[in-house]
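The block underneath contains the structure these notes are about, expressed in structure tokens.
The values are calculated or read from the model by the stated rules, or taken from the named source; none is laboratory data. Small disclaimer: the values here were computed from a predicted structure and weren't measured. Positions of Cβ are backbone-derived with ideal geometry, glycine not excepted, and every protein chain shown enters the neighbour counts. Remember, those area values only see protein heavy atoms, side chains included, never the ligands or the DNA or RNA. Shrake-Rupley method; radii C 1.70, N 1.55, O 1.52, S 1.80 Å.
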Amino acid sequence: MKLATLKKGGRDGTLVVVNRALTHYRAVPAIARTLQAALDDWAVCEPQLRQVYEALNSGAFTEPDMFDAAACHSPLPRAFQWADGSAYVNHVELVRRARRAELPPEFWTDPLMYQGGSDSFVGPCDPVLALSEDWGIDFEAEVAVVTGDVRMGANAEQAARSVRLLMLVNDVSMRNLIPAELVKGFGFFQSKPASAFSPVAVTPDELGAEWVNSRVHRPLTVHLNGALFGQPDAGQDMVFNFAQLIAHAVKTRELCAGTIIGSGTVSNKQGGVQGSSIANGGVGYCCIAEVRMYETIESGKAATAYLKFGDKVRIEMLDAQGSSIFGAIEQTVLPYKAAE
């Protein structure tokens, strides 16, 4: 099943069911006005939403509305919680190596996670806004899950059953603001502006056999200014699966329905910048920082620039037949201008 939120209908938008081909949708106010409302009463709403989904796919509706990703907000325009993990330890290891620091051994057994701002996500086709290019604007292509209620202390097997939906994420980072924040020992804040999520969120069954062991086994494709930048496999080199990330999050607290847990930047192990780029036959990258890490390790200096105003980023995942699963995140970097 595929669900989206249109921007019309107030701050939390209007929940719609989207057909598998992402061409048509149906509003469902009689079932749930918003996605959060559906998640809050999932046992009742999910079967009804699925009936609408099956009817859309079978052509039962004579005049369904045309789906347009540009009219969408993120599936959850705001969430009670957004916690982003770092499941791809290769990415973390590269960061450490670039500054000649050893990776602590516990990073392989205990996931990193930070709590991001969840009060105002942006739509999948909305711009990335910043006041300055000097902040080191970067995209981070990720996969995320939306959970139901999860009790404190739930183990990974129990946590796996809490996954309701999957989405893609552009977790924007201001790389040049990160060092000053981390040195204070209190984590990210200014360096993590509003994230954007894919136009649709899908139930795990939409992925079939490619949702295995709480991992999505499909390439995550990133284009920068129209050129293929990366297509690493989201299931490969994911050290901590989503069940483990959720279990980590509930060690000391409960999670409420509608919590979003991110995978961290998707990253596959590769043979350095000469062999890892798309141009050299590699799978490329899901953020600019990663290629800069390879450059620093190999030559002592990063050469690839961070995003500039006017740059365009596209993040998408295709199924085995080449069809978009979640729709595409398509964002342009623009200077922020305060409303008059």
What order do His73, His217 take when sorted by accessible area (1.4 Å probe), most exposed first? His217, His73
Using the beta-carbon distance between Ile278 and Lys7 and R0 = 25 Å, what value does 1/(1 + (r/R0)^6) give for FRET efficiency, to the nearest 0.05? 0.15
Of the chain, which part is the longest with no trypsin sites (Lys or Arg not before Pro) in a loop (DSSP not H, G, I, E, B) and with at most 10 other C-beta atoms within 10 angstrom? 12-98
How big is the dipole moment of the chain about its Cα centre under a simple scheme where the beta carbon of each Lys and Arg is +1, that of each Asp and Glu is -1, and everything else is neutral? Debye, nearest 20, please. 340 debye
Put +1 on the Cβ of each Lys and Arg and -1 on the Cβ of each Asp and Glu in the range 164-297; which of Phe242, Pro199, Gln231 then has its Cα farthest toward the positive end of the dipole? Phe242
Net lengthening on full extension, Lys251/Ala101 (0.36 nm per residue, minus Cα-Cα): 51.1 nm
Which whole-number percentage describes the relative contact order of the range 28-139, with Cα contacts under 8 Å and a sequence gap of 6 or more? 29 percent
Counting other C-beta atoms within 10 Å, and keeping those with at most 13, which DSSP coil GluC sites (Glu not before Pro) do you find in the range 231-305? Glu254
In nm, to one decimal, how far is the modelled label at Ala21 from the one at Tyr336, with both set 7 Å along Cα→Cβ? 4.1 nm
So for the pair Asp110, Asn176, with labels modelled 7 Å out along Cα→Cβ, what separation do we get in nm? 3.5 nm
Rounded to one decimal in nm, the spacing of the 7 Å Cα→Cβ label points at Ala55 and Ala70 is 3.0 nm
State, as an integer percentage, the relative contact order of the range 76-138 based on alpha-carbon contacts under 8 Å between residues 6 or more apart. 48 percent
Cross-link pairs beyond the 29 Å C-alpha cut-off, checked among Lys8/Lys251; Lys312/Lys337; Lys8/Lys184; Lys7/Lys251: Lys8/Lys251; Lys8/Lys184; Lys7/Lys251
Mean residue ellipticity (222 nm) of the chain, computed from DSSP H runs ≥ 4 via -39,500 (n - 2.57), nearest 500: -5500 deg cm²/dmol
At a probe radius of 1.4 Å, what is the per-residue accessible area of Met152, in Å² to the nearest 10? 100 Å²
Putting +1 on Lys and Arg Cβ atoms and -1 on Asp and Glu Cβ atoms, find which of Val18, Asn176, Ala55 reaches farthest to the positive end of the dipole of the chain. Asn176
Quick one: accessible area per residue over the range 1-146, 1.4 Å probe, rounded to a whole number of Å²? 46 Å²
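Whenever you get a sec, compute what percent of the accessible area on the range 1-157 sits on carbon and sulfur atoms (1.4 Å probe).
Of all accessible area on the range 1-157, carbon and sulfur atoms account for 50 percent.
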Go through Cys286, Cys125 and list them by solvent-accessible area, largest first, probe radius 1.4 Å. Cys125, Cys286
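Please tell me the relative contact order of the chain in percent, rounded to the nearest whole number, where contacts are Cα pairs under 8 Å and at least six residues apart. All intermediate terms of the calculation are to be shown ahead of the outcome.
Details: 815 pairs, mean separation 75.1, N = 340.
Reported as a whole number, the value is 22 percent.
At 10 °C and 1.306 mPa s, grab the translational diffusion coefficient of the range 172-314 from Stokes-Einstein with a Kirkwood Rh over Cα pairs, rounded to a whole number in µm² per second.
Once the numbers are plugged in, D ends up at 91 µm²/s.
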